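Visitor: Following this message is one structure expressed as structure tokens.
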Amino acid sequence: MPEFDLLIRGAANVPALGIAGGRIAALAEGTAREEIDATGLLLLPGVIDAHVHFNEPGRADWEGIATGSRACAAGGTTTFFDMPLNAHPPTCDAASFDLKRAAMERAAFVDFALWGGLVPGNRDDLEPLRDRGVIGLKAFMAGSGIDDFPRVDLPILRAGMKRAAGLGLMVAVHAEFDRPELQRGWSWRHFVASRPIESELAAIQAAVEIAGETGCALHIVHVSSAAGVDLVTAARARGVDVTCETCPHYLVLNEEDLDRLGAVAKCAPPLRPETERRALLARLRAGEISTVGSDHSPSPWSMKSDTDFFKIWGGISGCQHLLVLLFDLELEPELIARLTASNVASRFRIPQKGCIVPGANADLVLVDPKGQTEVTSGSLRYRHPHSPYGGQRLRGRVVRTLLRGRTICLEDRLIGEPRGRLVNRRS
């Protein structure tokens, strides 16, 4: 009988799993120095959240790696991909990558990868970013809200995607076009009207066409509309290498929730009408959306306080509840695992993550599907404890999170010191 460092026994979907040397050794019984009784629980691959903004170095007062990565661990996330724009300097060249990697290695509680930026004027910086290990490149087709991370126009995006294709790098885009002629008034309704679905669809279509021309792998982040998903599905059927992500807030909230919640639920693209929310959820259930990421984009509350809704920082705090929000939607656990782990690992070429197979990293989460998670300000691990889900009781409860075979969170209690490592993408 094999001997393991750790044996997890009794999970409803995986009867026995042995871990040795930080990796899954076997899906079988054996002897072990330590055992975990998972009776009544589900054993899932640790969440890979491919879309967070932890804002460090430079803007750690907005969130910070230490607080953000601990929120990840508490919510069952074992790997996150940090976006390039909110750091100062943004991650657009080799020097800024080195600064951010050093900050991550000091403070990250879970494993991490770094997005690089695709901005005007940094085409020659893309190869050094590739060589340092960026997971991909992020570009904004609309204003990012960060002065030192400007948007790209279509010629710059085309040139950047052509270069990225030659380097074997994926490009992710924030797909909206700015519509300054629609920016009138001050209320949340005026804000929503200034960013219509048509603006999102036009940008997605343009990005897809460029991906087809250049052969660049494309990922559309935070798609908020069913029609946007349909554009991606149709392009993929034509042979374009394109996938899309959506976020929990587009699946559980609608634009009328802005009237109730206000600034804490502002994001871009904005929340959509209830009919759109339901249609997007239907696309998710049908398997037409590849990944779900939190787009955790926090800020101090002072940046969420203004009578002019246009001046409020647009970002939702959500990485801690990514997993349980999907359970609350009553999605099948197998679908949740694909959306949050295996599809992410496959798309971003990190086969050592995101799956429960021998040889993979033992990044795991035990979930009580019959339990509940109460979202309170005291339970939030964020630097600024605000959330659009505050006061809710969500179906599902994260019981234990393991990173490379070691428990890092048990019953909402964090264990150990920061031990996050840079995730290597495989070509």
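Visitor: With charges only on Cβ, +1 for K and R and -1 for D and E, what is the dipole size of the chain about its Cα centre, in debye, rounded to 20? Before the final figure, lay out each step's value.
Guide: Working: 49 positive and 52 negative charges, 86 e Å.
For the chain, the charge dipole is close to 420 debye.
Visitor: Continuing with this model, one more query. Per DSSP H run of n ≥ 4, the term is -39500 (n - 2.57); total these for the chain, divide by its residue number, and report the mean residue ellipticity at 222 nm rounded to 500 deg cm²/dmol.
Guide: Numbers: 13 runs with 121 residues, N = 427.
Per the formula, -8000 deg cm²/dmol.
Visitor: Let me know the whole percent of all Cα-Cα pairs from the range 219-333 that are separated by more than 23 Å.
Guide: Details: 1980 of 6555 pairs.
So the portion of pairs separated by more than 23 Å is 30 percent.
Visitor: (1) 125; (2) 140; (3) 190: which one is volume of the Cα convex hull per residue in Å³ as calculated from this entry?
Guide: Only one listed value fits the structure, namely (1).
Visitor: Right, next: Need the full-extension length gain, THR275 to ASN13, defined as separation in residues times 0.36 nm minus the C-alpha distance. One decimal, nm.
Guide: Details: separation 262, 0.36 × 262 = 94.32 nm, distance 3.42 nm.
Gain on extension, THR275 to ASN13, equals 90.9 nm.
Visitor: Kirkwood hydrodynamic radius for the range 111-241: how many Å is it when counted over pairs of different Cα atoms? Kindly include the intermediate steps, with their values, before the conclusion.
Guide: On the way: mean 1/r = 0.0651 Å⁻¹.
Kirkwood hydrodynamic radius for the range 111-241: 15.4 Å.
Visitor: Sum up the charges of everything whose Cβ sits under 11 Å from the Cβ of GLU198, counting Lys and Arg as +1 and Asp and Glu as -1, but leave GLU198 out. Walk me through the numbers on the way to the answer.
Guide: Working: positive: ARG179, ARG195; negative: GLU176, GLU200.
So the environment of GLU198 carries a net charge of 0.
Visitor: Would you list CYS355, CYS244 from the most to the least accessible area, probe 1.4 Å?
Guide: On the way: CYS355 35, CYS244 0 Å².
Largest to smallest exposure gives the sequence CYS355, CYS244.
Visitor: Over the alpha carbons of the range 377-418, what is the largest minus smallest coordinate on each principal axis, giving the biggest first in Å?
Guide: Taking max minus min along each principal axis of the Cα atoms, the range 377-418 gives 32, 25, 13 Å.
Visitor: For MET303, MET104, what's the largest-to-smallest order of accessible area, 1.4 Å probe? Display every interim value, and only then the final one.
Guide: Working: MET303 55, MET104 0 Å².
The ranking, largest first, comes out as MET303, MET104.
Visitor: Count neighbours as other Cβ atoms within 10 Å of each site's Cβ, and list the trypsin sites (Lys or Arg not before Pro) in the range 204-294 that are DSSP loop with at most 10 such neighbours. Don't skip to the end; give the middle numbers.
Guide: Values: sites: ARG236, ARG238, ARG260, LYS266, ARG277, ARG278, ARG283, ARG285; in loops: ARG238, LYS266.
In loop regions of the range 204-294 (DSSP not H, G, I, E or B), the sparsely surrounded trypsin sites (Lys or Arg not before Pro) are ARG238.
Visitor: Could you do me a favour and compute the accessible area per residue for the chain, 1.4 Å probe, result in Å²? Present the calculation step by step, with values, prior to reporting the outcome.
Guide: Values: 15730 Å² over 427 residues.
Counting only protein heavy atoms, the per-residue value for the chain is 37 Å².
Visitor: State to the nearest 20 debye the size of the charge dipole of the range 283-427 about its Cα centre, where the only charges are +1 on K and R beta carbons and -1 on D and E beta carbons. List each step's numbers first, then the result.
Guide: Numbers: 22 positive and 14 negative charges, 126 e Å.
About 600 debye.
Visitor: Can you give me the three principal axis dimensions of the range 184-225 from its C-alpha atoms, in Å, biggest first?
Guide: Principal extents (largest minus smallest coordinate, Cα): 41, 16, 13 Å.
Visitor: Specify the residue with the greatest mean-square fluctuation among ASN13, ASN343, ASN55, computed from a Gaussian network of the chain linking alpha-carbon atoms under 10 Å apart.
Guide: Of the options given, ASN13 has the highest mean-square fluctuation.
Visitor: Next question, about the same structure. Given the protein chains as shown and a 1.4 Å probe, how many square angstrom of VAL365 are accessible, to the nearest 10?
Guide: About 0 Å², rounded to the nearest 10.
Visitor: What's log10 of I(q)/I(0) for the range 195-270 at q = 0.12, 0.20, 0.28 Å⁻¹, Debye sum over Cα points only, no solvent?
Guide: So the normalised log intensities are -0.37, -0.82, -1.31.
Visitor: Just name one of CYS72, TRP313, ASN86: the one whose Cα is farthest towards the positive end of the charge dipole of the chain (beta-carbon charges, Lys/Arg +1, Asp/Glu -1).
Guide: Among CYS72, TRP313, ASN86, the one farthest towards the positive end of the dipole of the chain is CYS72.
Visitor: Then there's this: What share of the DSSP beta bridges in the chain is antiparallel, in percent to the nearest 5? Before the final figure, lay out each step's value.
Guide: Details: 26 of 58 bridges.
Of those bridges, close to 45 percent are antiparallel.
Visitor: ARG179 versus ILE415, label points 7 Å from Cα toward the beta carbon: distance in nm?
Guide: 5.1
Visitor: Give me the three principal axis extents of the range 266-417 from the C-alpha atoms, as integers in angstrom, largest value leading.
Guide: Here the spans come out as 54, 38, 31 Å, largest first.
Visitor: At 1.4 Å probe size, put ASP241, ASP295 in order of accessible surface, largest to smallest. Mind showing how you got there, number by number?
Guide: Values: ASP241 75, ASP295 15 Å².
Most to least solvent-accessible, the answer reads ASP241, ASP295.
Visitor: Here's a follow-up. Please count, across the chain, the pairs of lysine residues with Cα atoms under 17 Å apart that sit 8 or more places apart or on different chains. Please list the in-between numbers first.
Guide: Working: LYS100/LYS138; LYS138/LYS162; LYS266/LYS304; LYS266/LYS311.
Here the count comes out as 4.
Visitor: Another question, if that's okay. Please name which of HIS219, ILE197, LEU182 has its Cα lying farthest along the dipole of the range 162-220 towards the positive end, using unit charges on Cβ (Lys, Arg +1; Asp, Glu -1) and the Cα centre as origin.
Guide: Result: LEU182.
Visitor: Of all accessible surface on the range 279-352 at a 1.4 Å probe, what whole percent is carbon and sulfur?
Guide: 49
The values are calculated or read from the model by the stated rules, or taken from the named source; none is laboratory data. Just so we're clear, the structure is a prediction, and the values are computed from it rather than from any experiment. Ideal geometry is used to build each Cβ from the backbone, glycine not excepted, and the neighbour counts take in all protein chains shown. Ligands, DNA and RNA are excluded from the accessible area calculation, which covers all protein heavy atoms including side chains. Shrake-Rupley method; radii C 1.70, N 1.55, O 1.52, S 1.80 Å.
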